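Below: the structure, in structure tokens.
The values are calculated or read from the model by the stated rules, or taken from the named source; none is laboratory data. On a predicted model such as this, the values are computed, not experimentally measured, just so you know. Cβ placement follows ideal geometry from the backbone for every residue including glycine, while neighbour counts extend to all protein chains displayed. These area figures cover heavy atoms from the full protein model, side chains too; ligands, DNA and RNA do not enter into them. Shrake-Rupley method; radii C 1.70, N 1.55, O 1.52, S 1.80 Å.
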Amino acid sequence: MDFLPIGDYGVVGNLETCALVGRDGTVDWWCLPHIESPSVFAGILDPAVGGQFTLQPTGRFESEQEYVERTNVLETHFETEGGTATLTDFMPVIGEQQTLDVPEHALYRRVECEAGTVEMDVNFAPRFDYARAETAVEAVDGGVLASATDEELFCQTPVALDVEDATATGTLGLDEGDAVWFICQYGEHERLESAEAAAMLEATVEFWKGWVHHCTDSERCLFYGPWHDLVVRSELVLKLLMRRETSAIAAAPTTSLPEEIGGERNWDYRFNWIRDAAFTIQALHELGHASEVEDFFEECLDQAIEGESGRVEQPFYGVDGEDLPDEEELDHLAGYRGSSPVRIGNAAGDQRQLDVYGELVLAIHETTQYGETLTPDNWTVLRDVIDHVCEVWDEPGYGIWEDRADPKQFVYSKVMCWAAIDRALTMADATDYEAPTDEWESVREDIEARVLEEGFDEEMGSFTRSFETDNVDASLLRLPVVGFLEPDDDRIVGTIETVREQLATENGLVYRYDTDDGLEGEENPFVLCSFWLVDALALAGRSEEARDLYESVLEHATPLGLFAEQVDGETGEQRGNFPQAFSHLGLINSAIYVREGADPRTPTPIGVDAPDSAS
């Protein structure tokens, strides 16, 4: 089976779901109607079984991709011996273009011949429910209709296609100036005129350009510089991964893209991790997206309220707040380049991950710094959370990396419990709300003392991954960011150096850890951890090193400016789910750290010109 490199895909979406489009013109991943729904196209996990929708020139061709500037509208440019053509892919943004009376739950694909003549091959092979459902495909007026049980996907086509074995195929010839549309509509069968489709393209471009920030003033913009375009692309990726109604963010739009080719480290990331909130809030605030920050504030409080007596029941949720599905393996799919099992659902939702409390409270504190009001009812919920943290901080857990080995006393988890109490005390002082501050201060001191006693290795000169081990973990680079110790403290400096010695590659990419985690095989350097090293160096006053490292990490972005979860330490190829919110959040936040004079630990005025319109 032929697989494209993960980095050869672009992503389009509508704030409900996303699709991956390869540089060969193939839609290899699309879940409907939502990002966490079963797939209709899953060719990226098994080209022979999973389903694909291909539009590409007949015979040999060369191709490259780019986005329409400052949008999530994707263009794939084809060059053949006979001519050139461009494939434009986009999805209308749900709820944002109601003035146009055309279907919104749709993928629009336009092919335009720009020079010479180009013959295009068409292959439409949807496979509902991760290719588990029996899918029927039939020719109908204006196109083809795929159906399975209670689902339908209508593909409007400019030419009649032949249907055999639930697959529609055909060819069409294009001369210079010709433009044709293929439109996939989920649950609708409306045939559109070319002018209507073109109007929807124009409206979609206008939406994205109106939402994305403007950065034209080098004095005011925290992101002005050689990496500005990558910051903009990261901003657009984050928006694609957000649910429109709540701004809850999926970690990635995909499942089971492997951390190691041929290995078992294949996970479903189409859920909303609480710990992503603090990183997201900081990034969106600095980019000028106040309404998303407000939505995140409410989302964080909702997750806290869900808990019983202050307990956060699970570290992540469905992007609509729904219960998580059970983790299961899809044995009928071979997996990307034979990497099995393919998993849907995520069993880590049942884990105790104590660092989540710190990330939750940090997120709430961040939003209050940016103007949100903490009401008495909000405070009652938050106080219950902190009381619960005071009871459980010294218990073992599975940690930020969701180990599948036995629970441990992870140092980062302890520090994040410290951070939760620390920020709650700050908010109590600022609001005069009632709280057992003496008790909280005592527990905060106990956590600090135990971490310094059991979580620091004097011989190594570094903090350790857990109380039980003597190796390091890249999450320790976050200690100065959350204020546990000053960035230039000898213990922090020693930790930075130990991480570089033990976990960093020659070009600065950073592994999460180097120890048994309960899984077979090995992983690759983690993009976010590489940005965390940038942040730690910048805070320690090592600005030139931080900038050099940042620019080195950015060289691993795909030609479209996208990052997966990890980067292969030997080949430089993208590994893991793609594109990954964590990676793009790290890129944005590190841009602030390397910007001279900027310190993201302290709220700053919005560092960008105002967007044209609210999201």
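Projecting the Cα atoms of F578, T86, C417 onto the dipole axis of the chain, where Lys and Arg carry +1 and Asp and Glu carry -1 at the beta carbon, places T86 farthest toward the positive end.
Here the Debye sum runs over all C-alpha atoms of the chain as equal scatterers in vacuum, and log10 of I(q)/I(0) at q = 0.05, 0.10 Å⁻¹ comes out as -0.22, -0.87.
The residue among G210, H189, T171 whose Cα reaches farthest toward the positive pole of the charge dipole of the range 159-218, with charges on the beta-carbon of Lys, Arg, Asp and Glu, is G210.
Under the criterion of Cα pairs below 8 Å and six or more residues apart, the relative contact order for the range 13-143 equals 25 percent.
May I ask for the angle, rounded to the nearest 10°, between helix 490-503 and the longest principal axis of the chain, with both axes built from Cα atoms and the value confined to 0 to 90°? The helix 490-503 is inclined about 40 degrees to the chain.
Highest average first, the peptides 449-455, 409-415, 201-207, 477-483 ordered by how many other beta carbon atoms sit within 10 Å of their residues are 409-415, 477-483, 201-207, 449-455. Listed by chain and number, the lysines whose C-alpha is less than 24 Å from the C-alpha of K209, apart from same-chain residues fewer than 8 away, are K239. Taking every protein chain into account, the accessible area of the chain amounts to 37 square angstrom per residue (probe 1.4 Å).
The helix-only estimate of mean residue ellipticity at 222 nm for the chain, built from DSSP H runs of length n ≥ 4 each weighted as -39500 (n - 2.57), is -10000 deg cm²/dmol after division by the residue total. Dipole magnitude for the chain: about 780 debye, using +1 per Lys or Arg Cβ and -1 per Asp or Glu Cβ, origin at the Cα centre.
If a spin label sat at a point 7 angstrom from the Cα of D350 along the line to its beta carbon, no backbone N atom of the range 229-266 would be nearer than 17 Å.
Could you tell me how far the Cα centroid of the range 105-134 sits from the Cα centroid of the range 510-547, in Å? First find each Cα centre; the distance between them is then 39 Å. With a cut-off of 15 Å on the backbone N, the residues of the range 129-163 near the modelled label site 7 Å out from S194 along Cα-Cβ are 157-159.
With a simple spin-label model that places each label point 7 Å from the Cα along the Cα-to-Cβ direction, the separation between E164 and T380 comes to 6.9 nm. For the range 105-230, the relative contact order works out to 28 percent when only alpha carbon pairs closer than 8 Å and six or more residues apart are counted.
Placing R0 at 22 angstrom, the Cβ-Cβ distance between E497 and S543 gives a FRET efficiency of 0.80 after rounding to 0.05. Taking all C-alpha pairs of the range 300-386, those more than 15 Å from each other amount to 66 percent.
In this simple spin-label approximation, E69 and E454 carry label points 7 Å from Cα along the Cα→Cβ vector, and these lie 5.7 nm apart.
Model label sites at D514 and A203, defined 7 Å from Cα along the beta-carbon direction, differ in position by 5.5 nm. Taking amide hydrogens as placed 1.01 Å from N in the peptide plane, the amide H of R265 sits under 5 Å from those of E259, E260, each at least 5 positions away in sequence or on another chain. One decimal place: the segment D446-E395 gains 17.0 nm when fully extended, by the rule 0.36 nm per residue minus the C-alpha distance.
Computed over protein heavy atoms with a 1.4 Å probe, the carbon and sulfur contribution to the accessible area of the chain reaches 40%. Of the residues A334, P253, L382, the one whose Cα sits farthest towards the positive end of the charge dipole of the chain is P253 (charges of +1 on Lys and Arg Cβ, -1 on Asp and Glu Cβ, taken about the Cα centre). Helix 411-431 and the longest principal axis of the Cα set of the chain meet at an angle near 80°. Highest-first packing order for the peptide set 565-578, 362-375 is 565-578, 362-375, based on the mean count of other beta carbon atoms within 10 Å. Between the range 1-77 and the range 351-395, what is the separation of their alpha carbon centroids in Å? First find each Cα centre; the distance between them is then 39 Å.
What full-extension length gain, to one decimal in nm, is calculated for T505 and A133 as 0.36 nm per residue of separation minus the Cα-Cα distance? Fully extending the segment from T505 to A133 adds 129.5 nm.
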